[in-house]
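Colleague: Following this message is one structure expressed as structure tokens.
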Amino acid sequence: MAENINILDAAGFARLFGTDAADIEKQCGPLLRAYNFRYRIVSGADLGKTILQVIKTIDESPLSASGKDRYEDWERGWGDNLREYAARNYDLAALVPKYMHKFPLRRLFSHYIEPLDKDFEVNFYTVYRHYLFQTYLAPYDPVYEFGCGTGYNLVIMARLFPGKRLFGLDWSLNSVKFVDTIAQSLALPSLKGRHFDYFSPDYTLAIPPGAAITTLNSLEQLGEDYGSFLEFLLTKKPALCINSEPLLEMYKEDQLLDYLAAKYHRRRNYLRGYLPAIKTLAAAGRIEILKEQRVESGNLFHDGYSFIIWRPSR
């Protein structure tokens, strides 16, 4: 591959997150200096090989489709992470979902890239979460993360906002155990786990005034079956909703990489229809959209970090 080295700097992150470099520096400056965000753009013959790899994966590989029948897969996966967390004496590195290191190449600004650091994606996600949480969650208490997995995001919230009440919810019982184990091992009494099924929401769950809810790459698993959860949110009326998800409708499908990403998205039965549904609710005056942002970054196959921030009308 060509030896032209690029770097994702504060200006690049600002472009991704829909803000300015000064804001990025204020929220995440120390992280940008601590991590190596250098990369090469894949080009020439290597670009052709990469595109062919993506096409063959989409067309020929036995890709699993998201949905209700994936429960056992997630229960097993989060159980593996939980056992690893205990075996490694509660090392926080065990919280990193294993899919974060699955692909050596990534998507960034309509390019395939080769990061120089194997932890590029994990570190990118760390910067992203610090920016998102510090920018939007500070005034809200409690905060609920639905589809919390290993509790990976809740640990960052707990560090940024000591004492803020945090709830990690998931349909996987091993995920709920994971959150409670983290709370005990890190002495975080304000962090609690609770079972919650997106497909059959528990209306006994109280969402008090001033609460925020977050989803981070968990609604993607619902495909078109998001209606029950969206109605739950409209009924409970949290003060703020942050959905950080792959959003199919943000792709520009007249561009090759986006066309392939959208095709992969559909093949995996990831979230679709949610963004138009949110916009329909806003047009009807039932909610207010505060920000929607495509983040042109993700793994080899699709964007992973776009977000929409909204609140129900009172």
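The values are calculated or read from the model by the stated rules, or taken from the named source; none is laboratory data. Remember, predicted model here, so these are calculated numbers, not experimental data. Backbone-built Cβ (ideal geometry, glycine too); neighbour counts: all protein chains shown. We work out accessible area using only protein heavy atoms, side chains counted, and drop any ligands, DNA or RNA first. Shrake-Rupley method; radii C 1.70, N 1.55, O 1.52, S 1.80 Å.
Colleague: Assuming residue 63 fulfils every condition listed in (1) assigned to a helix (DSSP H, G or I); (2) touching a Ser or Thr at 6+ places or on another chain (Cβ under 9 Å) apart from one, which condition is it?
Modeller: Just one mismatch for residue 63, condition (1).
Colleague: Considering 95, 105, which residue is among the aliphatic types (A, V, I, L, M), open to solvent by less than 40 Å² (accessible area, probe 1.4 Å) and either at positive phi or under 17 Å from the mean Cα position of the chain (by Cα) (or both)? I'd like the intermediate steps shown before the answer.
Modeller: Details: 105 fails: either at positive phi or under 17 Å from the mean Cα position of the chain (by Cα) (or both).
Just one listed residue meets the conditions, 95.
Colleague: Across the range 1-49, which residue is surrounded by the fewest Cβ atoms within 10 Å (Cβ to Cβ) among those that are closer than 20 Å to residue 136 by Cα and touching a strand residue (DSSP E or B) at 6+ places or on another chain (Cβ under 8 Å)?
Modeller: Result: 18.
Colleague: Looking at the range 66-96, which of the residues that are part of a loop (DSSP other than H, G, I, E, B) and touching a residue at least 40 places away in the same chain (Cβ under 8 Å) is farthest from residue 264 (Cα to Cα)? Walk me through it before giving the result.
Modeller: We begin by selecting, within the range 66-96, every residue part of a loop (DSSP other than H, G, I, E, B); these are 66-67, 88-91, 96.
Narrowing the set further to residues that are touching a residue at least 40 places away in the same chain (Cβ under 8 Å) leaves 66-67, 90, 96.
Working: 66: 12, 67: 15, 90: 35, 96: 23 Å.
By that ranking, first place goes to 90.
Colleague: Still on this model: What is the residue count in the range 262-314 for residues that are within 18 Å of residue 227 (Cβ to Cβ) and among the charged types (D, E, K, R)? It would help to see each step written out before you state the result.
Modeller: Initially, the range 262-314 is screened for residues within 18 Å of residue 227 (Cβ to Cβ), giving 269-284, 286-287, 308, 310, 312.
When the remaining residues are screened for being among the charged types (D, E, K, R), the result is 272, 279, 286.
Total satisfying the criteria: 3.
Colleague: If you don't mind, another one. Hey, can you tell me all the residues within the range 270-314 that are in a helix (DSSP H, G or I) and not basic (Lys, Arg)? So that I can check it myself, show each step before the final result.
Modeller: Residues of the range 270-314 in a helix (DSSP H, G or I): 274-283.
Across the range 270-314, the qualifying residues are 274, 275, 276, 277, 278, 280, 281, 282, 283.
Colleague: From the list 66, 110, 61, 43, which residue is closer than 26 Å to residue 151 by Cα and hydroxyl-bearing (Ser, Thr, Tyr)? Don't jump to the end; show me each part of the working.
Modeller: Details: 110 fails: closer than 26 Å to residue 151 by Cα; 61 fails: closer than 26 Å to residue 151 by Cα; 43 fails: closer than 26 Å to residue 151 by Cα.
Residue meeting the stated conditions: 66.
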